[in-house]
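Chemist: This is the structure I have questions about; it appears just below.
The values are calculated or read from the model by the stated rules, or taken from the named source; none is laboratory data. Predicted, not measured: the structure shown is a model, and the values here were computed from it. Cβ placement follows ideal geometry from the backbone for every residue including glycine, while neighbour counts extend to all protein chains displayed.
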Amino acid sequence: MKELAQIASAVQVSSTMAMDMLAKQMKADGVDVVGFGAGEPDFDTPSHIKAAAIQAISGNVTRYTPATGTAALKEAVCLRMREDCGLEYEPSQVVVTSGAKHCVYIALRAVVDPGDEVILPAPFWVSYLELIKMAGGRPVVVTAQESAGFKMTAEQLAAAVTPKTKALILNNPCNPTGMVYSEEELKAIARVCVEKDIYVISDEIYYGLLYDRVKWVSFASLGEDVKERTILINGVSKSYAMTGWRIGYLLSKDKIAKVMGNYLSNSTGSPSSISQAASVAALTGPQDCVEEMRRAFEERRNYIVKRVNSMEGVSCLKPEGAFYIMMNVEKQLGRVLYGEVIRSSDDFSAALLKRGLVAAVPGGGFGAPGFLRWSYAASLDSIKKGMDRLEEFLKG
Ligand code: PMP
Ligand code: GLU
């Protein structure tokens, strides 16, 4: 038989999804594993959102919708963007997809031709790298050091741009580091993007989860010249605990929205009509559920950061957004733990899972090989249990 397609064959499985599935399988097999793998809120979807979905089913809202989403959901997205981010978009500039993951893919398909370069600051969310390759692009990774707060500087960006650069992927607040760019830092990055004429795919899906009253601004709010080259990505998965509903959305200028809409009309057809109805309720209904969850995440962040930094040989920065920490395990490399030499964060993660019964994702897939990503989207009790186990494990 002929070979499978090269592009598809080169795609690696998502390491976050793989670790999550492994931990869930272990649990199902009766192993008492504590999971920090999944970047998924542990809360239930708020009841008024679920009620809207039930009503949609009873009311026979069960048919295809326009490929780019219902008028009601587009209006709701515009409303939320206006209230939360001070951004004005027309419903025609909104494209709804089956999850924000698909948004990234569609945005890349809209701007990338084979061989085009896409700049990706590391540490990055694992899927970006694979999605760039899936769209035929060439990822150009720019490493943001831990000592720089895991933030790429405008100078680093400018140095990475070549005549083949088509786009930059920005993720703010960031998965996996939880860091948040300041307005000044973003403005400096935006200046380079305008000057060098590159598109910006700005994934802002965690903007509802910010801590310490940190000031956050949307990349598209930095001026008309910035907005017109920005494709904003957002969704309901994180802020409303709706990961399984699969609704994400893109905001961009009309021409880009049209291209993405045409693409979607031939690929996914339309997102789930029921999930769209539920998302309208999420975006237009009471927002105190978001604040309640945000507060719980902040408490968990405070706890996990304190515990990690109280242990010998591991450390982490204090993130200002999302629900992840990057734990530095460089001091563990070369150690012999439980009879095995720890040569990489993969080894560390594997040993921690096997001996400590704690699941956290190794940093390699995030472009951060000396680190382990921990999602603290888990109950405070589980986090305590996991930290106790990590502490024991580190004793060797
Ligand atoms: N962007 C980032 C940065 C994420 O962490 C995630 C979570 N998987 C997504 C996009 C995708 O979210 P969704 O569940 O809507 O596909
Ligand atoms: N975004 C989450 C994570 O990073 C969910 C899993 C995934 O889609 O990667 O863990």
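Chemist: Take the residues in segment 195-244 that are assigned to a helix (DSSP H, G or I) and under 30 Å from residue 295 (Cβ atoms); name whichever of them is nearest to ligand 1 (Cβ to nearest atom).
Modeler: 243
Chemist: Also, quick follow-up: Restricting to segment 1-19, give me the number of residues that are without any contact (Cβ under 8 Å) to a residue 60 or more places away in the chain and either within 18 Å of residue 324 (Cβ to Cβ) or surrounded by 14 or more Cβ atoms within 10 Å (Cβ to Cβ) (or both).
Modeler: Adding up the residues that qualify gives 2.
Chemist: Output yes when any residue across segment 22-45 is more than 22 Å from the chain's Cα centre (by Cα), among the small types (Gly, Ala, Ser), modelled with pLDDT under 95 and part of a helix (DSSP H, G or I), and no when none is.
Modeler: Checked against the condition, which is being more than 22 Å from the chain's Cα centre (by Cα), among the small types (Gly, Ala, Ser), modelled with pLDDT under 95 and part of a helix (DSSP H, G or I), segment 22-45 yields at least one hit.
Chemist: Cβ-Cβ distance below 6 Å, separation of 6 or more or different chains: which pairs start in segment 231-253 with a residue that is touching a residue at least 24 places away in the same chain (Cβ under 8 Å) and end on one that is part of a helix (DSSP H, G or I) and within 13 Å of ligand 2 (Cβ to nearest atom)?
Modeler: 233/100; 233/103; 235/100; 237/243; 248/100; 248/103; 250/103
Chemist: Something else now. What number of residues in segment 23-39 are more than 15 Å from ligand 1 (Cβ to nearest atom) and surrounded by 15 or more Cβ atoms within 10 Å (Cβ to Cβ)?
Modeler: So the count comes out to 6.
Chemist: Within segment 80-122, which residues are acidic (Asp, Glu) and either within 22 Å of residue 64 (Cα to Cα) or in contact with a strand residue (DSSP E or B) (Cβ under 6 Å, 6 or more places away or on another chain) (or both)?
Modeler: 116, 117
Chemist: Pairs please, first residue from segment 21-48 and closer than 16 Å to residue 355 by Cβ, second anywhere and of a type in the set (Phe, Trp, Tyr), Cβ atoms under 6 Å, 6+ apart in sequence or on different chains.
Modeler: Qualifying pairs under 6 Å: 36/374.
Chemist: Quick check on segment 318-352: of everything there that is closer than 25 Å to residue 234 by Cβ and among the aliphatic types (A, V, I, L, M), which residue is surrounded by the fewest Cβ atoms within 10 Å (Cβ to Cβ)?
Modeler: 326
Chemist: Return a yes/no flag: does segment 77-94 have any residue that is within 12 Å of ligand 2 (Cβ to nearest atom) and either touching a residue at least 24 places away in the same chain (Cβ under 8 Å) or assigned to a helix (DSSP H, G or I) (or both).
Modeler: Checking segment 77-94: not a single residue is within 12 Å of ligand 2 (Cβ to nearest atom) and either touching a residue at least 24 places away in the same chain (Cβ under 8 Å) or assigned to a helix (DSSP H, G or I) (or both).
Chemist: For segment 211-226, how many residues meet the condition of being under 21 Å from the mean Cα position of the chain (by Cα) and more than 19 Å from residue 165 (Cβ to Cβ)?
Modeler: 10
Chemist: From the list 218, 202, which residue is touching a Ser or Thr at 6+ places or on another chain (Cβ under 6 Å) and at pLDDT 95 or above?
Modeler: The conditions single out 202.
One line per residue, one yes/no per condition, for (1) within 16 Å of ligand 2 (Cβ to nearest atom); (2) out of contact with any helix residue (DSSP H, G or I) (no Cβ under 7 Å at 6 or more places or on another chain):
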site	(1), (2)
226	no, no
229	no, no
232	no, no
238	yes, yes
245	yes, no
269	no, yes
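Chemist: Based on what the data block shows, is residue 225 free of Cβ contacts under 8 Å to residues at least 60 places away in the same chain and at positive phi?
Modeler: In short, no.
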